[in-house]
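The values are calculated or read from the model by the stated rules, or taken from the named source; none is laboratory data. What you see is a predicted model; the values in this text were computed from it and never measured. No Cβ is skipped: glycine too gets one built from the backbone with ideal geometry, and neighbour counts run over all protein chains shown.
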Amino acid sequence: MKNRVIIIGGGAAGLMAAGVAAKNGNDVTVIERNERPARKLMITGKGRCNITNHAELDTLIKSTPGNGRFLYSAFSRFSPTDLIKLLEDLGLPLKVERGNRVFPVSDKAVDAVDALVKHARQNGAKLLHGRAEKLVIEKEAITAVLLEDGGSIPCDRVIVATGGLSYPGTGSTGDGYILAQQAGHTIRDTRASLVPLNVHEGFVTELMGLSLKNISIQVIDTKKNKEIYQDFGELLFTHFGLSGPVILSASAHMREPEEGRYKIMIDLKPALDYNQLDGRLMKDFEKNLNRDFINALDELLPRKLIPVIIRLSRIPPHTKVNQITKEQRTGLCVLLKALTFHITSTRSVEEAVITAGGVNIKEIDPKTMGSKVIGNLFFAGEVMDVDAYTGGFNLQIAFSTGFVAGNSV
């Protein structure tokens, strides 16, 4: 007799679980609250869909600051290599880019979604548009799922794969936490991760829209007086503060984002040490000896950044370059190597790429993704208290845990 499996949530984790569970001979129904499945997948990688990161097991775990060790078994059973093979067998050609990030060759997220839906449907899974509202629990087992419209679907197994709270427009509104609590699970405090940052420095509004590539950052925890993260890559200034890939990853390390605790120092010229940067400044100044300081930095910095740097350097903007002292030049080098911003808070979880926190992993079997509280309940993806850096790692979590849950039912 077939097991009747209900999967709540038709995102990356839910669709993977559906395809695997149906292939194993189960009667599978996916309940998805949106008319189209995998809405969040459609917007990942700026619409290109960064499907995974072609990394080894150790790197996957190290890139998952939110309970990476819990995922050892899941990553081992279904690796990025396994995922790539599955998707390419489904007719989705993939390519590996900088940082081992994997994308569809077409650069279209919709192609990845279509492949996952194909995987689920061709193995016999049914997709139902609706919203799961309540679990019916009898004798310590879930016997049915009640829908918002009043309908009821009987079941033998349930996989909750509803995602977290980030991007609520895609359907991630915390439904899974409510369902888990109904079953007796505890929820670890949820918060934004991979999220832009608000800063104290008001001059950031002058830099809005400026993108800096090939910079490095250093994150300092001022409470512990130590560096907690460093990175190299791209940064974006916004009207409220900082965003871009290096900032999103940095936010994952700010586990207690109280105002004033963290500061970020941006090295605008990481390829040059202090002496080399000083030499570069001297060369630029020699070319502009009789010009004003404000007109002497065009080759060194983006135009939008120059007025801010000049103001912070405290060198009067109309000082002739030939009058700038060695001490002033040294101060300018320090500023360029450590442009500092003080973090006041993260942006809201609605703006986050991922939600940290969720269903307590101590209540989940890492080898099956099965609940230790209710025997026929399983979890997959972001609804659990697991979160990783940007770069495809969070989607690999979804696919690996979805695969394990789908096999376990």
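Screening Thr355, Thr344 for residues that are under 22 Å from Ala180 (Cβ atoms), assigned to a strand (DSSP E or B) and touching a Gly at 6+ places or on another chain (Cβ under 8 Å) leaves exactly one candidate, Thr355. Taking the criterion of being touching a Ser or Thr at 6+ places or on another chain (Cβ under 9 Å) and free of Cβ contacts under 8 Å to residues at least 24 places away in the same chain, no residue of the stretch 264-307 qualifies. Of the residues making up the stretch 6-42, those that are assigned to a loop (DSSP other than H, G, I, E, B) and either closer than 17 Å to Gly176 by Cα or of a type in the set (Phe, Trp, Tyr) (or both) are Gly9, Gly10, Gly11, Arg33, Asn34, Pro37, Ala38. Name the single residue that is nearest to Gln323 (Cα to Cα) among those in the stretch 242-282 being in a strand (DSSP E or B) and of a type in the set (D, E, K, R). Step by step, filter the stretch 242-282, then rank; the result is Asp267. Residues in the stretch 332-341 include none that are surrounded by fewer than 17 Cβ atoms within 10 Å (Cβ to Cβ) and charged (D, E, K, R). Residues that are surrounded by 14 or more Cβ atoms within 10 Å (Cβ to Cβ), without any contact (Cβ under 8 Å) to a residue 24 or more places away in the chain and not acidic (Asp, Glu) number at least 1 in the following strands (runs of 3 or more DSSP E) confined to the stretch 184-241: 226-237. Looking at the stretch 290-306, can you tell me whether even one residue there is within 19 Å of the chain's Cα centre (by Cα) and either of a type in the set (A, V, I, L, M) or assigned by TED's automatic domain parsing to the domain that holds Met265 (or both)? Looking through the stretch 290-306, none of the residues is within 19 Å of the chain's Cα centre (by Cα) and either of a type in the set (A, V, I, L, M) or assigned by TED's automatic domain parsing to the domain that holds Met265 (or both). Counting only strands (runs of 3 or more DSSP E) wholly contained in the stretch 51-154, the ones carrying 3 or more residues that are under 25 Å from the mean Cα position of the chain (by Cα) and not β-branched (Val, Ile, Thr) occupy 94-97, 101-104.
Determine whether the stretch 321-332 contains at least one residue that is outside any helix (DSSP H, G or I), over 29 Å from Ile43 (Cα atoms) and either in the same structural domain as Met208 (by TED's automatic domain parsing) or out of contact with any helix residue (DSSP H, G or I) (no Cβ under 8 Å at 6 or more places or on another chain) (or both). Scanning the stretch 321-332, I find at least one residue that is outside any helix (DSSP H, G or I), over 29 Å from Ile43 (Cα atoms) and either in the same structural domain as Met208 (by TED's automatic domain parsing) or out of contact with any helix residue (DSSP H, G or I) (no Cβ under 8 Å at 6 or more places or on another chain) (or both), so the answer is yes. With respect to the stated conditions, Val404 fails to be closer than 23 Å to Gly99 by Cα and either crowded, with 24+ Cβ neighbours inside 10 Å or of a type outside the set (A, V, I, L, M, F, W, C) (or both).
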